[in-house]
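*Asks:* Please read through the structure below; I'll follow up with questions.
Bear in mind these aren't lab numbers, they're just calculated from the coordinates by the rules spelled out. All of these numbers come straight from a predicted model, not from anything done at the bench. Here the Cβ positions follow ideal geometry from the backbone for every residue, glycine too, while neighbour counts run over all protein chains shown.
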Amino acid sequence: MRTTIDSWLNETPEHQRLFAQEGLILEATEEVWAAMERTGKSKADLARLLNTSKANITQVLNGSRNLTLRTLADIAFALGQTVKLQITDTAEQANEWEDIRPLMRSVRRGMGTIQIAANQEWVTDPNPLRLIASR
Amino acid sequence: MNSSVRFNCANIFDQALALKSKLRLKLTYKLTAMLFYKGVTLEIVQTPDATECWKEVFVNAPPNCVAQLLRLAKRLADSGKLRSPDQFNNEDDGFWAIKANCGLRAYGWYHSSRRGVFVISHFILKKKQKLSPSDTERMRQNRRQYDPDY
């Protein structure tokens, strides 16, 4: 079924470009939020560590202020974290949000088992809900 | 004794009517709610009111602004949450707002009986931060129509 998002994206390539742009910005800001949660730091703490205002941090975190790589590196450094960057083929991102939770629920109910492959590659077994290793 | 029997019958009749009404509403919901985006964690649907607003949004809002809102909605549907309260905020009465920086918002709620469904009531392009009473009322009206358990 075609969704509202699909329809908008298929209007023009420009829409797809803007969508990709906003995706990266959101990904970066959500990662900063996640790092703040992990390290127990608030926006005020981060502002103090970076010697800037809390309003500036708010603008960076809601995507209204441009987040430069330099600022991102400074934020990560202040939180004791490291930024990992990776550029991948768009087609390979189809499985980006492969969610294992429904499978784990089935496993807990005794409907199958999971084995982890040495090369981290997962393939489905003809036996439903059973994952086996492949090489 | 007779009055008691009559009362019980009336009660059953009322319940049957309520059930019929609920079924009709659920049927209406299934027929008219349009799929906005289906993510890993959430399915986002939109009311006909939202579909109408979308046409206006498409004409009036800058494309980068629309792109930001769509990205936020996609992230919400895929991961189940948005961490920034500036972008996803709990408003009054169980209503939520997905907010783009330019003032474009999508107001909605988590469906009461269908787990994992977020319903967008309507879209609005505005500068004011606070939820206006007219938007709250509009959401309540839409919710009464599409959420039988509300």
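*Asks:* How crowded by other chains is B:65-77, given as the mean number of beta carbons from other chains within 10 Å of each beta carbon?
*Replies:* 6
*Asks:* Across peptide A:28-38, how many C-beta atoms of other chains are within 10 Å of each residue C-beta, on average?
*Replies:* 2
*Asks:* Just going by the charge dipole of region B:35-146, with Lys and Arg at +1 and Asp and Glu at -1 on Cβ, which of B:I44, B:L76, B:L131 is farthest out on the positive end?
*Replies:* Looking along the dipole axis, the top candidate is B:L76.
*Asks:* Same structure again: Going down the table (A:K41/B:K38; A:K84/B:K130; B:K74/B:K128; A:K54/B:K38), which pairs top 31 Å between alpha carbons? Kindly include the intermediate steps, with their values, before the conclusion.
*Replies:* Working: A:K41/B:K38 33 Å; A:K84/B:K130 37 Å; B:K74/B:K128 24 Å; A:K54/B:K38 35 Å.
Flagged as over cut-off: A:K41/B:K38; A:K84/B:K130; A:K54/B:K38.
*Asks:* Something else about it: Could you compute the net charge surrounding A:S53? Neighbours are other residues with a C-beta less than 15 Å from the C-beta of A:S53; K and R count +1, D and E count -1.
*Replies:* Within the 15 Å Cβ shell, the charges total +2.
*Asks:* Follow-up question, since we're still on this one. In debye, nearest 20: dipole of region B:35-146 around its Cα centre with unit charges on the Cβ of K, R (+) and D, E (-)? Each step should come with its number before you reach the end.
*Replies:* Values: 19 positive and 11 negative charges, 45 e Å.
So the dipole magnitude of region B:35-146 works out to roughly 220 debye.
*Asks:* By the scheme Lys and Arg +1, Asp and Glu -1, what is the net charge of all other residues having a beta-carbon under 9 Å from that of B:Y150?
*Replies:* +1
*Asks:* Translational diffusion coefficient, Stokes-Einstein: compute it for region B:35-146 using the Kirkwood radius over C-alpha pairs as Rh, at 10 °C and 1.306 mPa s, and state it as an integer in µm² s⁻¹.
*Replies:* Details: Rh = 13.8 Å.
Estimated via Stokes-Einstein, D reaches 115 µm²/s.
*Asks:* Let me ask another. Which whole number gives the average, over all residues in B:37-49, of C-beta atoms from other chains lying within 10 Å of the residue C-beta? Each step should come with its number before you reach the end.
*Replies:* Working: counts 4, 3, 3, 6, 3, 0, 1, 3, 2, 2, 0, 0, 0.
Mean partner shielding for this stretch: 2.
*Asks:* Relative contact order of region B:35-146, please, whole-number percent, based on alpha carbon pairs below 8 angstrom and at least 6 residues apart.
*Replies:* That works out to 28 percent.
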